[in-house]
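Here's the structure we're looking at; comments come further down.
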Ligand SMILES: [Zn+2]
């Protein structure tokens with residue numbers, strides 16, 4: 001049987017409206033809340049997740065409905081200064097959204113532990129794992145994942161288990177879209193069209209959507225086309241990879 005792992009990135013009060021739209025869209029395609037959410041504890045230091053707020057209640061309801069919750073960085077934005085390859089990646093690949101690319105081990109571990117505790121407190125469920133903003137990790141951040149107690153992590157190319165000696169659980173590129181500029185939109189549309197075909201034989205396919213996608217109709221069309229193309233696949237939970 002072939003499976004689909006779907007996720008909504010950048011979930012938090014900053015993008016509440018956009019996340020609502022994506023929640024409804026994916027629920028429609030997948031026949032229920034059969035996807036994951038990546039929760040940002042304090043997006044850009046401007047949108048803190050707080051217990052007792054309406055958004056916290058909504059998040060808990062979504063977790064209770066079966067949506068897997070991942071910790072997705074802390075600020076999301078990259079506040080560190082980089083040198084060499086990391087500087088190039090940070091500047092050209094992420095528009096400075098790769099928060100964990102430049103973090104040392106201790107800082108990464110601290111943010112991971114606080115994020116884990118916060119998401120568990122707000123949702124009432126232990127987070128399924130940790131996924132770094134823009135899927136970018138420093139070596140210190142990679143090492144901290146297991147110490148922070150995360151069972152699952154992923155990047156562009158794989159899902160692995162920090163709790164199990166970093167055993168790789170599935171491989172293959174994520175189908176995702178970029179809304180930031182027209183050239184990026186066009187290249188992400190081309191990549192999605194290519195990957196819909198190329199990944200047809202794959203046992204597991206990952207699809208990730210972002211709040212900004214909801215502002216660009218042609219990206220939403222491509223997202224719909226992608227879910228329709230994979231409609232015979234069974235949506236799965238990331239935690240099933242550990243079974
Ligand atoms: Zn993100």
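No value in this document is a laboratory result; all are computed from the given coordinates. Please read all numbers here as calculations on a predicted model, not as lab measurements. Cβ sites come from the backbone with ideal geometry, for glycine too, and all protein chains shown count toward neighbours.
For the chain, the antiparallel share of DSSP beta bridges with both residues in that region comes to about 30%.
Size check on the range 117-243: the Cα extents along the three principal axes, sorted descending, read 41, 31, 30 Å. Full extension of the segment from residue 50 to residue 110, taken as 0.36 nm per residue of separation minus the current Cα-Cα distance, would add 19.8 nm.
Length gained on full extension, residue 158 to residue 182: 5.9 nm, using 0.36 nm per residue less the C-alpha separation.
Expressed per residue, the C-alpha convex hull volume of the range 166-221 stands at 94 Å³. With the gyration tensor restricted to C-alpha atoms of the chain, the semi-axes of the equivalent ellipsoid amount to 25, 21, 19 Å, longest first.
A Förster radius of 41 Å combined with the Cβ-Cβ distance from residue 1 to residue 139 puts the calculated FRET efficiency at roughly 0.70. Using the Cβ-Cβ distance between residue 197 and residue 239 with R0 = 35 Å, the FRET efficiency computed as 1/(1 + (r/R0)^6) comes to roughly 0.75.
Between 144, 190, 108, where does the largest GNM mean-square fluctuation fall for the chain, given springs only between Cα atoms within less than 10 Å? Comparing 144, 190, 108 in the GNM, the peak value goes to 190. Extension gain for residue 225-residue 57 works out to 57.3 nm (0.36 nm per residue, less the C-alpha to C-alpha distance).
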